[in-house]
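Participant: Got a structure for you, written out below as structure tokens; questions coming shortly.
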Amino acid sequence: MGQTVAEKIISRHAGQAVYQDQLAIAQVDAVMATDATAPFAIKAFHEMGGKKLWQKEKVVLIIDHASPAPNERVGNLHKMMRDFAAQTGCLLYDVGAGIGHQLMVENGHVRPGELVLGADSHTCGYGAVNSFATGVGSTDLAAVMLTGKTWLKVPRTIKVELTGSPPAGTVAKDLILFLVGKLGIDGATYQAIEFTGDAVERLSVAGRMVLASMAVEMGAKAGIVSAAGLQLPYAFNPVFADPDACYSAVHRFDVSSLGPQISLPHSPDNLASVAEVQGTRIDMAFIGTCTNGRLEDLQAAAAILKGKQVASHVRMVIAPASRQVFQDALKDGTVQTLPDAGATFITSGCGPCVGTHLGVPGDGEVVISAANRNFQGRMGNPNARIYLASPETVAASALRGMITSPAEASEKEAVPR
């Protein structure tokens, strides 16, 4: 019987062939925890009697959710992580290094064919590089830190095939918002999603991370992007599904005429085309997060804003996904272009996305964000209204002071990505 990509990866780590709905005990390649979850995992690790990590170089702790610490309580949690890393020898990325999911891929802590766990729901973003990655609770992560193994039920898989060449101005974020709108926030609960098709094959790693990251917004256990077209700075062995693999559902969409998409308050699947809500006044524009804070996202925004000014009533906040992204943007002039247009850079990290600090909106304010979630209260204030869109749409909207299609704000065609 043929296997899906998820079944193949789990089988290799379980030491035997496993299929959907079966239980498996599998070896894990790496684990990650952030300052929002690591303190709980560390406590659980000690309660389990843990003194030594199963493999210290495979345990990665990242300070990104409240970075730098906004108060004494968080400062002490960060200190706990630093002390634990010093005692055990595990890897620690401190304030300003970047968002955990970006760092895991950027620094090669996760590679094709691997099984990786993280104490954060957007861990599924690592599926961009053809791995099986999923989020778990802090206690489950602590057990893996101790043993190097986990148990899981092998998920069923939904195959999504995207074909055609999207129009200029329609990018990976538009593709995934479209899919979330089609499948719904619970349309893939405890299933893996395989993203395939020629429209996917042309995407960069950054674009693939957008798809994989937001698989969890459909309830998915994992989002795995096809290795077809995948380019990485190292040699790897891709994992492909067998021709006779069994899928719970197959969805095929031609995206040749798909325009810019936007999620309306207060759910990622409350979808509309940008054209339908164009003209809605905004107060804040945000570009960043593990979904859309990479170099090409900043470059896309800079291409729209170069030589122009953000609307006077709009504050535009940008959080690079990592320090490396910021440094690369500094080298190519992007960092200068965006502040010249009125944007403000903040520390590389999660910040406004999770509503910890560095950009909490006020009551009644409207935010257009390149993030992944817009549930009520997501950015720290339940009385704000959050729209989700691509970095291009966010930049165009910041320029006009109202929700605007990229085509309406830039004479330069966007580069497909």
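Participant: Can residue 348 be described as more than 16 Å from residue 266 (Cβ to Cβ) and either out of contact with any Pro (no Cβ under 9 Å at 6 or more places or on another chain) or surrounded by fewer than 21 Cβ atoms within 10 Å (Cβ to Cβ) (or both)? Give the derivation first.
Facilitator: Working: more than 16 Å from residue 266 (Cβ to Cβ): yes; either out of contact with any Pro (no Cβ under 9 Å at 6 or more places or on another chain) or surrounded by fewer than 21 Cβ atoms within 10 Å (Cβ to Cβ) (or both): no.
The answer is no for residue 348.
Participant: Further question on the same structure: For the stretch 167-190, which positions are of a type outside the set (Gly, Ala, Ser) and surrounded by fewer than 24 Cβ atoms within 10 Å (Cβ to Cβ)? Walk me through how you get there before you give the answer.
Facilitator: As a first pass, look at the stretch 167-190 and keep what is of a type outside the set (Gly, Ala, Ser): 167, 170-171, 173-180, 182-183, 185-186, 189-190.
Within the stretch 167-190, 167, 178, 182, 183, 185, 186, 189, 190 meet the criteria.
Participant: In addition: Assuming residue 248 fulfils every condition listed in (1) surrounded by fewer than 24 Cβ atoms within 10 Å (Cβ to Cβ); (2) within 24 Å of the chain's Cα centre (by Cα) apart from one, which condition is it?
Facilitator: Tallying (1) surrounded by fewer than 24 Cβ atoms within 10 Å (Cβ to Cβ); (2) within 24 Å of the chain's Cα centre (by Cα), residue 248 fails exactly one: (2).
Participant: Within the stretch 269-311, can you find the residues that are among the hydroxyl-bearing types (Ser, Thr, Tyr) and either buried (at least 18 other Cβ atoms within 10 Å of the Cβ) or modelled with pLDDT under 95 (or both)?
Facilitator: Listed by number, the residues that qualify are 289, 291.
Participant: Suppose we filter 220, 228 for residues that are touching a residue at least 12 places away in the same chain (Cβ under 8 Å), in a loop (DSSP other than H, G, I, E, B) and touching an Asp or Glu at 6+ places or on another chain (Cβ under 6 Å); which single one remains?
Facilitator: 228
Participant: Of the residues that make up the stretch 65-75, is at least one of a type in the set (A, V, I, L, M), within 19 Å of the chain's Cα centre (by Cα) and either closer than 25 Å to residue 291 by Cβ or not assigned by TED's automatic domain parsing to the domain that holds residue 138 (or both)? If you could, list the steps in order and put the result at the bottom.
Facilitator: Applying the first criterion (of a type in the set (A, V, I, L, M)) to the stretch 65-75 yields 66, 69, 74.
So of that shortlist, the ones also within 19 Å of the chain's Cα centre (by Cα) come out as 66.
With the extra rule that they be either closer than 25 Å to residue 291 by Cβ or not assigned by TED's automatic domain parsing to the domain that holds residue 138 (or both), the set shrinks to 66.
The answer is yes; a qualifying residue exists.
Participant: Let me ask something else. Need pairs with beta-carbon distance below 7 Å; first residue surrounded by fewer than 23 Cβ atoms within 10 Å (Cβ to Cβ) and within the stretch 319-338, second in a helix (DSSP H, G or I) and charged (D, E, K, R); sequence gap 6+ or separate chains.
Facilitator: Short answer, once both residue conditions are applied: 324/106.
Participant: Then there's this: With respect to residue 363, determine if the residue is charged (D, E, K, R), surrounded by fewer than 20 Cβ atoms within 10 Å (Cβ to Cβ), assigned by TED's automatic domain parsing to the domain that holds residue 306 and assigned to a loop (DSSP other than H, G, I, E, B).
Facilitator: For residue 363, the condition - charged (D, E, K, R), surrounded by fewer than 20 Cβ atoms within 10 Å (Cβ to Cβ), assigned by TED's automatic domain parsing to the domain that holds residue 306 and assigned to a loop (DSSP other than H, G, I, E, B) - is met.
Participant: Mind listing whichever residues of the stretch 43-60 are under 10 Å from residue 90 (Cβ atoms) and in contact with a helix residue (DSSP H, G or I) (Cβ under 8 Å, 6 or more places away or on another chain)?
Facilitator: Selection gives 53, 56, 59, 60.
Participant: Going residue by residue through the stretch 372-387, is there one that turns out to be touching a residue at least 60 places away in the same chain (Cβ under 8 Å), surrounded by fewer than 22 Cβ atoms within 10 Å (Cβ to Cβ), within 23 Å of residue 407 (Cα to Cα) and not assigned by TED's automatic domain parsing to the domain that holds residue 184?
Facilitator: no
Participant: Then there is this: Where in the stretch 100-182 are there strands (runs of 3 or more DSSP E), lying fully within it, with 3 or more residues that are closer than 11 Å to residue 30 by Cα?
Facilitator: 115-118
Participant: Identify all residues within the stretch 166-195 that are basic (Lys, Arg) and within 19 Å of residue 404 (Cβ to Cβ); write none if there are none.
Facilitator: 173
Participant: Do the conditions hold for residue 219, that is, is it more than 17 Å from residue 290 (Cα to Cα) and within 15 Å of the chain's Cα centre (by Cα)?
Facilitator: yes
The values are calculated or read from the model by the stated rules, or taken from the named source; none is laboratory data. Just so it is clear, the structure is predicted and the values come from calculations on it, not from any experiment. Heads up, the Cβs are rebuilt from the backbone with ideal geometry, glycines too, and the neighbour counts pull from every protein chain shown.
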